Amino acid sequence: MSELPFGKTRTTPDELRTQIDTAAAVRRAREGGVSCPEQRIDRFIQIVPDLLEWLENHGREYPWRHSSDAWEVYIAEILLQRTRGDAVAEVYSAFLDEFPDPDSLANATEEDIRQLVEPLGFVNHRTRTLKEVGKLFSAEFDGDVPDSVEELKRPWRAGEYSARACQMFARGKPMALVDANFARVIGRVLGYEMPVQPHKSSAVYGLLETLLPTSPELARAFNLAILDLGALICTAEHPDCKSCPINRGCVYYCTRMEDE
DNA sequence: TTCCTGGCCT
DNA sequence: AGGCCTGGAA
């Protein structure tokens with residue numbers, strides 16, 4: 001097991017082509033309204049190594065990224081739902097300190113939980129979810145974290161993204177992740193027409209599945225890189241395209257330059 | 001007002 | 001699949 005927080009950040013287009021079904025990606029891209037999809041996907045594969053190198057130098061160092069413990073990662077994913085990483089980092093160690101395993105969470109009072117997640121918002125939601133997580137894992141999984149997406153999704157408000165992220169980042173199982181960041185970044189880079197709710201679109205999941213490298217270490221780096229690029233550079237408003245490590249391969253950037 | 005490593009309800 | 005919601009922060 002590698003201890004590198006970002007996974008494998010050194011790769012080449014040739015290595016990626018052995019791990020990515022290019023023809024399938026082109027098909028998916030075309031379905032999403034991408035013009036010249038063959039060239040777009042080829043261009044994308046060429047800039048991925050730059051993206052991963054950028055991650056190596058600029059990626060965010062959060063404690064949950066240094067952990068391969070399923071409980072620590074799963075808790076992080078729950079706390080991170082629609083919440084900034086920096087905010088979660090403020091309460092994360094205190095939370096794990098008090099609730100180091102499902103049993104301790106199962107035995108906690110709502111007030112104990114509420115107090116710890118207070119600064120994050122979604123307080124009622126999160127308190128209920130965490131309580132359910134503790135009780136369910138404690139009662140039905142012998143105090144362990146289950147090892148399948150379906151089982152990880154059982155607690156109320158533990159959904160597709162959180163479950164898949166846990167399997168990806170804790171268990172090293174390559175998983176396509178779709179949230180607002182992935183949709184925005186991929187949509188801009190490829191010129192893909194994103195639906196209103198990308199995270200519930202099977203077409204978007206399909207596209208990300210085909211683009212995801214098959215090796216766990218590259219898949220990890222790929223996912224973290226897009227996540228951090230979306231948070232730090234390719235932001236919803238006023239993206240910092242000039243600083244973007246992959247602007248040379250980005251439809252959004254190139255279109256923008258032509259307009260100016 | 002919008003955004004943040006979405007998910008639930010109908 | 002579409003609508004809607006939760007809260008602190010920018």
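The values are calculated or read from the model by the stated rules, or taken from the named source; none is laboratory data. Because the structure is predicted, anything quoted here is derived from the model rather than measured. Note that we place each Cβ from the backbone using ideal geometry, even for glycine, and neighbour counts take in every protein chain shown. These accessible areas exclude ligands, DNA and RNA; they are computed on the full protein's heavy atoms, side chains included. Shrake-Rupley method; radii C 1.70, N 1.55, O 1.52, S 1.80 Å.
Just a few scattered comments:
- Remark on the range A:180-242: hydrodynamic radius 12.2 angstrom, per the Kirkwood mean of 1/r across alpha carbon pairs.
- Euclidean distance of C-alpha centroids, the range A:149-194 and the range A:81-109, integer Å: 21 Å
- In a DSSP loop and with at most 14 other Cβ atoms within 10 Å, the trypsin sites (Lys or Arg not before Pro) in the range A:2-75 are A:Arg10.
- Modelled spin labels at A:Gln39 and A:Thr109, positioned 7 Å past Cα toward Cβ, are 6.6 nm from each other.
- Longest to shortest principal axis, alpha-carbon extents of the range A:1-148, angstrom: 56, 32, 30
- Each peptide among A:235-244, A:110-119 gets the average number of other Cβ atoms lying within 10 Å of its residues, and from highest to lowest they stand as A:110-119, A:235-244.
- Scanning chain A for long hydrophobic helices, with DSSP H runs required to stretch 27 angstrom or more by C-alpha along their axis and to average at least 0.0 on the Kyte-Doolittle scale, returns nothing.
- Of all lysines in the structure, the ones whose alpha carbon falls short of 16 Å from that of A:Lys135, not counting any fewer than 8 places away in one chain, are A:Lys153.
- Dipole magnitude of chain A, debye to nearest 20 (Cβ charges: Lys/Arg +1, Asp/Glu -1, about Cα centre): 920 debye
- With all protein chains modelled, accessible area of A:Ser148 [1.4 Å, Å²]: 40 Å²
- Per the Cα gyration tensor, the range A:69-169 maps to an equivalent ellipsoid with semi-axes of 18, 16, 12 Å, ordered largest to smallest.
- Amide hydrogen proximity for A:Cys250: with H placed 1.01 Å from N in the peptide plane, no residue at 5 or more positions away or on another chain lies under 5 Å.
- Semi-axis lengths, largest first, of the ellipsoid equivalent to chain A are 34, 18, 17 Å, with √(5λ) applied to each eigenvalue of the Cα gyration tensor.
- Reachable lysines from A:Lys8, criterion Cα separation under 22 angstrom, eight or more residues apart if same chain: A:Lys173
- Between A:Lys173 and A:Met168, the built amide H atoms are under 5 Å apart, and every one of these is 5 or more places off in sequence or on another chain.
- Solvent-accessible surface of the range A:69-169, taken per residue with a 1.4 Å probe and all protein chains present: 47 Å².
- Remark on the range A:65-122: Rg and Dmax equal 10.9, 29 Å (Cα only).
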